[in-house]
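The values are calculated or read from the model by the stated rules, or taken from the named source; none is laboratory data. Treat the numbers as computed from the prediction; the structure is a model and nothing was measured. Here Cβ is always computed from backbone atoms with ideal geometry, including for glycine, and neighbour counts include all displayed protein chains. Surface accessibility is based on the protein's heavy atoms, side chains included, excluding ligands, DNA and RNA. Shrake-Rupley method; radii C 1.70, N 1.55, O 1.52, S 1.80 Å.
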Amino acid sequence: MNFGTVGTGWITSSFIEAAKFSGKLNLTAVYSRTEEKAKQLAHTYQVDQYFTDIEEMAKSSEIEVVYIASPNSIHFEQAVTFLKNKKHVICEKPIFSNTAELDKAFQIAEENGVYLFEAIRNIHTPNFRILKDKIQMAGNLRSAMLPYIQYSSRYDLFLQGEEPNIFSSTFSGGALVDLGVYPIFLAIGLFGEPAKVTYHPVILSSGVDGSGTLVLEYKDFVCTILCSKISHSAIPCEIHGEKGTFVLEDAAPISEIKFIDSHTKESEILSVIQEEKDMVYECMNIAEIVATNDDDQYEKLKNLSKIVLRVTEVARKQNNIVFGVER
């Protein structure tokens, strides 16, 4: 399928490279607000079409699918424009600012006979599927600790008085929606929707969270998610059961899965070696769903995105973290 991109950051380049590697998506157009950046990206990837007008791009017959990686607060408006022009949309995480936007966008997608996906790489990988298939090895689950703590160079700019998008309430930023979504997707994908959500953030002067601890309560266990863009950690993810413990090197990518037996203390590596360009898996899965009209798989991904966004919205409301689009 022919696809276009919105955004010129490193994540867009990573997706383009993964899409090319997948053999399922063919880049035909790029967009940027500035002509210079649009031209530069088009030249880098040898495509003829570049746009600085979203409406014009949405009408192009050379595009079937669009990947959006613009600032978070703009996702909804741009996605709706493409959906109304009957283009499938892959929107970088977090897909939208709140559940109201999500519900409306899915409704528009359905009305126009197209699909809307959230780009979240870890749940599409072989190792996630292995973990999901093997989770019963741990027996009754009793706790989980899923950290994603990664210092952002943009925090240096913030400390100097600037307000990068990711630390801005105007652009729907913050640690939970930027990094926390990876372990949240992991938790929801493995354990389902929690009975209760509680968030304890460190609020920055811009009104968003620089870091925080999210507690997801299930019937018989608690999953604790740590996220931060203002500090760094090398601790792994762990899922603890009565029969054993899963140790994951990271929530995204899930590069290694080790299972440690509670009784024998013996460990076993369950993971496989994945492609370095791990976004290739979401490219392949999404392309397959669109090509085969696999509504069952689509509904599963759609439901995951709904639950994850509901969790982050509840967590924000508990702490009066309000985005600009909600004021």
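The rows are residues; the columns are (1) out of contact with any Cys (no Cβ under 6 Å at 6 or more places or on another chain); (2) more than 23 Å from Gln297 (Cα to Cα); (3) open to solvent by less than 50 Å² (accessible area, probe 1.4 Å).
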site: Glu55; (1), (2), (3): yes, yes, no
site: Ser61; (1), (2), (3): yes, yes, no
site: Phe82; (1), (2), (3): yes, no, yes
site: Lys93; (1), (2), (3): yes, no, yes
site: Ser97; (1), (2), (3): yes, yes, yes
site: Asp103; (1), (2), (3): yes, no, no
site: Ile108; (1), (2), (3): yes, no, yes
Under 7 Å between Cβ atoms, at least 6 apart or on separate chains: pull out the pairs that start in region 90-108 with a residue that is in contact (Cβ under 8 Å) with a residue 12 or more places away in the chain and end on any residue that is in a loop (DSSP other than H, G, I, E, B) and crowded, with 21+ Cβ neighbours inside 10 Å. Glu92/Ala69; Lys93/Ile120; Ser97/Ser172; Ser97/Phe323; Leu102/Ile95; Leu102/Phe96; Ala105/Phe96
Looking only at region 6-34, which residues are open to solvent by 40 Å² or more (accessible area, probe 1.4 Å) and closer than 18 Å to Gln78 by Cα? Thr8, Arg33, Thr34
If you go through region 285-327 one residue at a time, how many are at negative phi, in a loop (DSSP other than H, G, I, E, B) and of a type outside the set (Asp, Glu)? 5
Filter region 239-252 for residues that are open to solvent by 40 Å² or more (accessible area, probe 1.4 Å) and either at pLDDT 95 or above or under 17 Å from Tyr218 (Cβ atoms) (or both) and give the result. His240, Glu242, Lys243, Asp250
Checking Val47 against (1) open to solvent by less than 30 Å² (accessible area, probe 1.4 Å); (2) touching a residue at least 24 places away in the same chain (Cβ under 8 Å); (3) of a type in the set (A, V, I, L, M), which single condition isn't satisfied? (2)
Scanning region 14-43 for residues that are free of Cβ contacts under 8 Å to residues at least 24 places away in the same chain and assigned to a helix (DSSP H, G or I) gives Lys20, Glu35, Glu36, Lys39, Ala42, His43
Among the residues of region 262-284, what is the count of those that are open to solvent by less than 90 Å² (accessible area, probe 1.4 Å) and either assigned to a loop (DSSP other than H, G, I, E, B) or among the small types (Gly, Ala, Ser) (or both)? 10
From the list Lys104, Lys84, pick out the single residue that is in contact with a Phe, Trp or Tyr (Cβ under 9 Å, 6 or more places away or on another chain), of a type outside the set (A, V, I, L, M, F, W, C) and modelled with pLDDT of 95 or more. Lys104
